[in-house]
Amino acid sequence: MIYLKLFLTFFEIGLFTFGGGYAMISLIREKALAFGWLTEEELLNMIAVSESTPGPIAVNMATFVGSTQGGVLGSLVATLGVVLPSFIVILLIVAFIQSFLKYNGVQAFLKGVRPCVVAMILATAVTMLLSVLFGISAIDKGVAIDCKAIIIFGGLALIALVFKKIRKKKPAPILMILISAVLGMLLYST
């Protein structure tokens, strides 16, 4: 049954991912492609939509994948599956926080998990960069450079650099999303 499969898959993702939504992207990608729930292009579109809509990216992605496979009920069970492990763990941590963090084993565990989280986020970023800009979805696949995507990426990098130089701070993410949306409409509508 698809609903049970969605729930268990996203429960597993939520249970074994440390570092938040961005760290979950690689696991969601792996499962969605392995089960044939989404194509690489659909996944990249879904990541863009999930990032630009309110709420945590992992919850948005779970909701989207669930809806593609099982409609409203599918989105509900996938979302419940991805948030339930964190909810349970946070409840346990809150109950025992003071006594929990004093143990060297707990501190060592947390310090050991941090590099893994960084590596997962970087791997996801590199995978998305190669796929979006150069059309590389696997090592044995050819390169299909998307000049328009490179122009948008370069334009956003330039805007961020100029903004930081002039205003002495980074531009707001919402501003960057809006600029990229406008550039996308201008470049891809022709």
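The values are calculated or read from the model by the stated rules, or taken from the named source; none is laboratory data. The structure displayed is predicted, hence computed values, not measured ones. Because the Cβ atoms are built from the backbone with ideal geometry, glycine has one as well, and the counts that use them run over all protein chains shown.
Could you say which residue among Phe134, Phe163, Phe109 is surrounded by 11 or more Cβ atoms within 10 Å (Cβ to Cβ), at negative phi and at pLDDT 90 or above?
Phe163
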Inset, instruction - Starting from segment 150-177, keep only residues that are without any contact (Cβ under 8 Å) to a residue 24 or more places away in the chain, then list their pairs with residues that are among the β-branched types (Val, Ile, Thr) and part of a helix (DSSP H, G or I) whose Cβ atoms are within a distance under 7 Å, requiring at least 6 positions of separation or different chains. - result: Ile159/Ile179; Pro171/Ile159
Legend entry - The one condition in (1) more than 26 Å from Met24 (Cα to Cα); (2) not aromatic (Phe, Trp, Tyr); (3) not in a helix (DSSP H, G or I); (4) not assigned by TED's automatic domain parsing to the domain that holds Pro54 that Pro171 fails to fulfil: (1)
Legend entry - Unmet requirement for Gly55, which otherwise passes all of (1) out of contact with any helix residue (DSSP H, G or I) (no Cβ under 7 Å at 6 or more places or on another chain); (2) at pLDDT 90 or above: (2)
Inset, instruction - Report whether or not Ile159 is over 21 Å from the mean Cα position of the chain (by Cα) and of a type in the set (A, V, I, L, M, F, W, C). - result: yes
Inset, instruction - Kindly indicate whether any position in segment 138-145 is basic (Lys, Arg) and either assigned to a helix (DSSP H, G or I) or under 28 Å from Gly20 (Cβ atoms) (or both). - result: no
Legend entry - Where a residue in segment 53-69 is touching a residue at least 40 places away in the same chain (Cβ under 8 Å) and its partner, wherever it lies, is of a type in the set (Phe, Trp, Tyr), with Cβ under 7 Å and at least six apart: Ala62/Phe10; Val65/Trp37; Gln69/Trp37
